Amino acid sequence: MPWNFNSNTPIYMQIIEQIKLSIAVGEYKAGDKILSVRELAAEAEVNPNTMQKALSELERDGLLYTQRTSGRFITNDPKTIEDLRKQLANEQIENFISKMKLLGYSPEEAAELMKMYNKK
Amino acid sequence: MLLEFNKVCKYYGNKAALNNIDLQLERGKIIGLLGPNGSGKTTLIKILSGILTPSSGDLKISGKNIGIETKKIVSYLPEKTYLSDWMTVQQTLNFFKDFYEDFSIETALDMLQRLNIQPSEKLRTMSKGTREKVQLILVMSRNAELYLLDEPIGGVDPAARDYILKTIISNFNENASVLISTHLISDVENVLDDVIFLKYGNIVLHSTVDEIREQNGKSVDALFREVFAC
């Protein structure tokens, strides 16, 4: 996968975000095997320690699991993936609502505008 | 601890190049040694490699005083080339094999092949950038505990820079650490665990890249420009 990093936030957090997104949009499918830490680090051109830190955190969140001999995999649990999708959607909504608030719209008004936009 | 500096000073005449340096580095890290020209980066690296001796204070690598025993476990890439240009790449490999027990010809040949560099080529006929790659390959093909890279990406094009950084991240292991001095910070930032800022021979900052970004909301490069603003 192509990796893009900004320079203001820690790389490991950006890796986490990008892998989460890949899982949510189905680029990574449930049960897919992912590359080794070293391979992923080389691909993303980051430090292996950074990649390890990101993967460990994703593992703690239940999005990845490790099988001792065969490697690391995307979770097989459809609910975990669905929850992740919802979580990312909520982040987008929060973002949207706060921007609309800046423009002086209440959440209700924003929702109304959204409906009208969809009708167009 | 891989590396310990205890109140290390280095004077050239009465000018202090390093001023009371206390520093500890762990294994398994890639550390950026950053600072403007004349801040003491090369002096610090040369002391670690055993080329210079400190004026006062002491330091240990892997618990050993600097000397033959540390040279066996330290792989040093100097700023300038020291290989004779009449040599072929193969001859430089043999040269390294003679000097260092931990040198792996197989690793070196493999990396050379991937870069399309022929072992029969003479250094003289190569471009500056290719020669720098050969030298880095030699240094990274040792199974050392401490790699000292003094400006490893200064003279090469951006594509070669990427390759060199990839070589560094794929060749070091958790028992070893890599100390990279450079002022091309934005190019190396993504591969670093820790950074050390040197200013007039003093360590003014020693932190992880993650911490810098978390606490300042900006890159190491941006912070560097602030700390060292002229």
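Some points to look at:
- For B:Ile73, the test of being within 21 Å of B:Ala176 (Cα to Cα) and surrounded by 13 or more Cβ atoms within 10 Å (Cβ to Cβ) is passed.
- Filtered residues of the stretch B:76-102 (kept if hydrophobic (A, V, I, L, M, F, W, C), under 20 Å from the mean Cα position of the chain (by Cα) and farther than 26 Å from B:Asn173 by Cα): B:Leu83
- Residue among A:Glu57, A:Glu91, A:Glu82 that alone is assigned to a helix (DSSP H, G or I), within 14 Å of chain B (Cβ to nearest Cβ) and either over 30 Å from B:Lys29 (Cβ atoms) or in contact (Cβ under 8 Å) with a residue 12 or more places away in the chain (or both): A:Glu57
- Matching residues, the stretch B:177-192, being surrounded by fewer than 21 Cβ atoms within 10 Å (Cβ to Cβ) and either in contact with a strand residue (DSSP E or B) (Cβ under 8 Å, 6 or more places away or on another chain) or β-branched (Val, Ile, Thr) (or both): B:Thr182, B:His183, B:Ile185
- Hey, B:Gly40 within 14 Å of another protein chain (Cβ to nearest Cβ), in contact with a strand residue (DSSP E or B) (Cβ under 7 Å, 6 or more places away or on another chain) and surrounded by 15 or more Cβ atoms within 10 Å (Cβ to Cβ) or not: no
- Residue within the stretch B:149-169 that is touching a residue at least 40 places away in the same chain (Cβ under 8 Å), part of a loop (DSSP other than H, G, I, E, B) and at positive phi present: yes
- Candidates B:Thr107, B:Thr92, B:Thr81: the one that is in contact (Cβ under 8 Å) with a residue 40 or more places away in the chain, within 12 Å of B:Gln135 (Cβ to Cβ) and not in a loop (DSSP other than H, G, I, E, B) is B:Thr92.
- B:Ile47 being surrounded by 15 or more Cβ atoms within 10 Å (Cβ to Cβ), touching a residue at least 60 places away in the same chain (Cβ under 8 Å) and of a type in the set (Val, Ile, Thr): no
- Of residues in the stretch A:18-36 being without any contact (Cβ under 8 Å) to a residue 24 or more places away in the chain and surrounded by 14 or more Cβ atoms within 10 Å (Cβ to Cβ), the one farthest from the other protein chains (Cβ to nearest Cβ): A:Ser22
- Any hit, the stretch B:199-207, residues being among the polar types (S, T, N, Q) and at the interface with chain A (Cβ under 10 Å from one of its Cβ atoms): no
- Each residue in the stretch B:2-37 was checked for being outside any strand (DSSP E or B) and touching a residue at least 40 places away in the same chain (Cβ under 8 Å), and 8 of them qualify.
- Qualifying residue in the stretch A:37-49 (condition: among the small types (Gly, Ala, Ser) and over 23 Å from B:Glu189 (Cβ atoms)): no
- Within the stretch B:214-230, the residues that satisfy the criterion of being part of a loop (DSSP other than H, G, I, E, B) and either farther than 16 Å from B:Val204 by Cβ or facing chain A (nearest Cβ under 10 Å) (or both) are B:Gly217, B:Lys218, B:Ser219.
Read-outs throughout are calculated quantities, based only on the coordinates presented, and are distinct from any laboratory measurement. Everything numeric in this text was worked out from a predicted model, so none of it was measured. Note that we place each Cβ from the backbone using ideal geometry, even for glycine, and neighbour counts take in every protein chain shown.
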